[in-house]
1. Assuming 0.36 nm per residue, please report the length gained on full extension of the stretch Y354 to L14 beyond their Cα-Cα distance.
2. Taking the convex hull of the alpha carbon atoms in region 303-366, what volume per residue do you get, in Å³?
3. Counting only protein heavy atoms and using a 1.4 Å probe, what share of the accessible area of the chain belongs to carbon plus sulfur, as a whole percent?
4. What does the convex hull of the Cα atoms come to per residue for region 300-421, in Å³?
5. Ratio of alpha-carbon Rg to the 2.2 N^0.38 Å globular estimate for the chain, to two decimals, please.
6. With r defined as the distance between the Cβ atoms of L150 and F181 and R0 fixed at 41 Å, what FRET efficiency is calculated, to the nearest 0.05?
7. Once you have the Kirkwood Rh of region 221-380 from its Cα pairs, apply Stokes-Einstein at 10 °C and 1.306 mPa s and quote D in µm²/s.
8. Please compute the alpha carbon radius of gyration of region 7-127, then divide it by the globular-protein estimate 2.2 N^0.38 Å. Two decimals is fine.
Amino acid sequence: MTQTDTIAAIATPLGTAGVGLIRVSGPLAPELAGRIFRPAHPNCAWLSHHLYHGDIVAADGKTVLDEALATLMRKPHSFTGEDVLEISCHGNPLILQTILEQLLEMGCRPAHPGEFSERAFLHGRMDLSQAEALAAMICAQSTKALQMELSQMKGSLTRRIDELRSLLVNALASLEAAIDFSEDVSDREIPAVSGQILQAATGMEQLLSTYRQARLFTQGLRVVIAGKPNVGKSSLLNRLTGRKKAIVTDIPGTTRDLITETIDLDGACIHLTDTAGIRPPTNAIEKEGIDLVWRQMEETDILLLLFDGSKPLTDEDFQILEQSQNYNVKILMTVNKCDLPPAWNNLLPDHPLYGKPLLSLSAKFGNGLEDLKKAITGLTESGEAPTEGVMITRLRHKLALEAARNSLKAAQTCLATGQSPEFAAFELSEALNALDEITGKKISEDVLARIFSSFCIGK
Ligand SMILES: Nc1nc2c(ncn2[C@@H]2O[C@H](COP(=O)(O)OP(=O)(O)O)[C@@H](O)[C@H]2O)c(=O)[nH]1
Ligand SMILES: [Mg+2]
């Protein structure tokens, strides 16, 4: 990549909005500011990080394209570390496209996805884990995920990795001294080195233990609502999402497709899916819908099994209950329509639902909804895993940490079995390399390109 290019992109989504933002980064930015922007006040000094009001003019120097605000942020104190021009104009896609075309005509080229962030990384404005957190923050779907990514973007993981790194650098320095200055030095050094390695390995284990919980926060929990026709599955989806998303009728077999909506439940990201009522299908379409329900069960975290409390249970209810035991999901059993007189309660010991925890609710009127939400979010918190502090949210980081930890284990074995310190030193430098992949200190161009190309354009 040639960093002498000046890149430009529309940074806001293309739709009708009050304002839209265009970003330019690279050596041409100051010159372009003077060409495309005609300040309202004649004495515009283009001070860095100052906001100016004026007109956007086309490359012909005459045609006014919009009235806008412009800021020039001079290097190195900008997002990318280069000279950056930002234009806030009116959020009409036609205006934004026209301004972008003019900038391209004046010598910019269109930015690739993530290219602003990539330049920020290459200029040392942030490390790789921070750039990844920034991209993830933009797409976060729950407040908890947002908090985690924000803290990582501000460098929480970077600092933790740096701490682990310095332990290993010190240990490596001692080992190298032992290698250079003969055998007897190593006898004194080895216990201290082992201590540092152990401390780093423990820190890595601690970070790794946060991964599952963090994934729940960032990727969310998949909840499927299932039951026989007419028990109120679609009504419950609509109630929980607060939107009329699924069609509700008293005609059994109304829902055929899977309808998935993502909601924020007390900070947790929940993907909620409404499904076709399960019964012996009456036609091919319904059969397809019911097959989909069971297939969906394979990749679900929680099954919300719904029964109708106002009508006697039937064999269909019991069959669904039985079949759902074959899947590796947590089952939450709920009895709907509690606003109506109950047709079954006081279950006898031989009843299949006897002694089972049943949540009572009314999807129609909202009774019991808070308890249901608590039950769902309760399942997102897994006992011992921490929910505070630095967490590992990405598979890439997890794999690198595991590699580092494995190298440390190998180093410990080398030391414990009295092998020459070179072997332990080799393992330590492997562990350091793995940590440097997380922060991007050492990383292949291919991996970098892959990471940044998944970002949005204009970011
Ligand atoms: N009284 C009462 N009726 C409900 C409740 N939930 C759903 N219904 C009614 O039950 C019928 C079937 O609802 P629907 O949500 O389409 O059920 P689905 O087939 O399981 O998706 C509709 O007439 C709903 O209005 C409830 O909590 N109380
Ligand atoms: Mg339905």
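The values are calculated or read from the model by the stated rules, or taken from the named source; none is laboratory data. Model, not experiment: these values are computed from the prediction. Using ideal geometry, Cβ is built from the backbone for each residue, glycine included, and neighbour counts are taken over all protein chains shown. Note: accessible area is taken over every heavy atom of the protein model, side chains too, but ligands, DNA and RNA are not part of it. Shrake-Rupley method; radii C 1.70, N 1.55, O 1.52, S 1.80 Å.
1. 116.8 nm
2. For region 303-366, the hull spanned by Cα atoms encloses 89 Å³ per residue.
3. Carbon-and-sulfur percentage of accessible area, whole number: 54.
4. Numbers: hull volume 23.9 nm³, N = 122.
Hull volume over Cα atoms, normalised by residue count, gives 196 Å³.
5. Values: Rg = 29.5 Å, N = 459, 2.2 N^0.38 = 22.6 Å.
For the chain, the normalised Cα radius of gyration comes out at 1.31.
6. Values: r = 47 Å, r/R0 = 1.15.
For R0 = 41 Å, the calculated efficiency reads 0.30.
7. Numbers: Rh = 15.7 Å.
So the translational diffusion coefficient is about 101 µm²/s.
8. 1.00
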